[in-house]
Amino acid sequence: MALAANDQTKPNDLDPFWMPFTANRQFKQQPRMFVEAEGVHYTTADGRKVLDGTSGLWCCNAGHRRKPIIEAVQKQVEKLDFAPTFQMGHPLSFEFASRLTQMVEGFSQVFFTNSGSESVDTALKIALAYQRAIGQGTRTRLIGRERGYHGVGFGGISVGGIVANRKTFGPMLNGVDHLPHTHDLAKNAYTRGEPEHGLNLADELERIVALHDASTIAAVIVEPVAGSTGVLIPPKGYLKRLREICDKHGILLIFDEVITGFGRLGAPFATDYFGVKPDLFTTAKGITNAVVPMGAVFCRDGIYDAFMNAPDNTIELFHGYTYSGHPLACAAGLATIDLYKDEGLFERAAELAPYWEDGLHSLKGGNHVIDIRNIGMVGAIELAGIPGKPTARAFDAFLKAYDKGLLIRTTGDIIALSPPLIVEKSHIDFIVDTVGDVLKTVH
Ligand code: PMP
């Protein structure tokens, strides 16, 4: 894709930016640049409109360049650009924390971070420190899940279950086990919503507990819906069963809601959607509609108190980021949650979900399609891989969709879709038609 002649960024200038999770050589041969965004569309460097079928990276839930958020950030930067939150405070961080805790019953504190990865490492550290604070210091093991994505910090890749993200980096955290993933194509292909089969996979937790003894295990972390590995939806009753087993053994349950948080499923959080309460849950992305980077870990009632009530108040949490509760992020976040509420976007997502589901499932029978799945306003189309080239088909689809004016996301040979919650039905039709079209020629 040639860049506009008057653009500063000629292909030769692209090398200094080592792009994240990108096929750098491919990209730099064939750059794809967004220069503007508005509502559900991006504009490319060569002036084309591209419908954002992925909410950026699952983060612009209210669409792009939303005025109330921009104005809130502009106003804030004129007033207080930065203030430390170590031994000092600024009012907006308390106001935002308070508003967030009001969004969900039973979680009375939040800890601010700057990203999903930081939220994950923060949640794991809070879990470990909490176990110590309550006299359970032998509980140091962590349990993640195969095909889990929990960001790229060493904690996150240790509990995560994506082989490629782990194998080049040497030793991980000690004392980590993985539950099996729940993706069973043979039994659950083309399920709408939660699959029927696979509840028993939660019982694998009992096996791991028996292996190590509960007194050594601090926490289990799972994404309620695994996003980055291809929208893997939990089998019916699975999360509830995990909760029961954790309760039985004094193990903390952490949900990684970096994608599911802030309306993606048509409820504020996955904990609301599934009716299962974790002890901690991570968020980022949609918390500020991605306008300013931010994350937050929600802590259930009693966790913070265990630290505050420790003898002599000796156990504070020795953890935090320079930008925890950054004023601009708090301003963006407050405006974002107001916008979600004012426009009823979570309810809107729930209302649109059946139309979305029907649209996606109409693609059954497309070339190479072996599964379609969906929940809330997220969905995936899984393609049969070419032997030895496990990402080739979806990547081909990605390039072709981009040429036809649609941004999709791919992982392996899975197409993942998560449009902004402000999409109209006509946009959903465009997404479905374009993907259908692309599938006709995917190699
Ligand atoms: N956890 C989950 C479930 C995610 O989906 C992501 C990002 N896709 C992360 C953590 C990491 O977030 P970030 O890229 O903001 O560090």
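The values are calculated or read from the model by the stated rules, or taken from the named source; none is laboratory data. Just so you know, these numbers come straight off a predicted model, no measurement behind them. All Cβ positions, glycine included, derive from the backbone under ideal geometry; neighbour counts span all protein chains shown.
Suppose we filter the range 130-153 for residues that are farther than 14 Å from ILE208 by Cβ, of a type in the set (Lys, Arg) and in a loop (DSSP other than H, G, I, E, B); how many remain?
Of the residues in the range 130-153, 1 are farther than 14 Å from ILE208 by Cβ, of a type in the set (Lys, Arg) and in a loop (DSSP other than H, G, I, E, B).
Can you find even one residue in the range 384-404 that is on the phi < 0 side of the Ramachandran plot, under 20 Å from the mean Cα position of the chain (by Cα) and hydroxyl-bearing (Ser, Thr, Tyr)?
No: zero hits.
Identify, from the list ILE381, ILE370, the residue that is surrounded by fewer than 17 Cβ atoms within 10 Å (Cβ to Cβ) and in contact with a strand residue (DSSP E or B) (Cβ under 6 Å, 6 or more places away or on another chain).
ILE370
Taking the criterion of being in contact with a Lys or Arg (Cβ under 9 Å, 6 or more places away or on another chain), within 15 Å of the ligand (Cβ to nearest atom) and over 23 Å from ILE414 (Cβ atoms), would at least one residue in the range 220-235 satisfy it?
Checking the range 220-235: at least one residue is in contact with a Lys or Arg (Cβ under 9 Å, 6 or more places away or on another chain), within 15 Å of the ligand (Cβ to nearest atom) and over 23 Å from ILE414 (Cβ atoms).
So GLY56 clears everything in (1) farther than 28 Å from PRO420 by Cα; (2) of a type outside the set (D, E, K, R); (3) not in a loop (DSSP other than H, G, I, E, B) except one condition, right? Which one?
Failed condition: (1).
For the condition assigned by TED's automatic domain parsing to the domain that holds ILE134, of a type outside the set (A, V, I, L, M) and surrounded by 24 or more Cβ atoms within 10 Å (Cβ to Cβ), what is the one hit in GLY275, GLY286?
When all the criteria are applied, what remains is GLY286.
Residue under question is GLU118, and the condition is that it be more than 16 Å from the ligand (Cβ to nearest atom) and either assigned by TED's automatic domain parsing to the domain that holds ASN289 or over 22 Å from the mean Cα position of the chain (by Cα) (or both); does it hold?
It is false that GLU118 is more than 16 Å from the ligand (Cβ to nearest atom) and either assigned by TED's automatic domain parsing to the domain that holds ASN289 or over 22 Å from the mean Cα position of the chain (by Cα) (or both).
Answer yes or no as to whether PRO268 is surrounded by fewer than 24 Cβ atoms within 10 Å (Cβ to Cβ), within 12 Å of the ligand (Cβ to nearest atom) and in a loop (DSSP other than H, G, I, E, B).
Taking the combined requirement at face value, the residue does not satisfy it.
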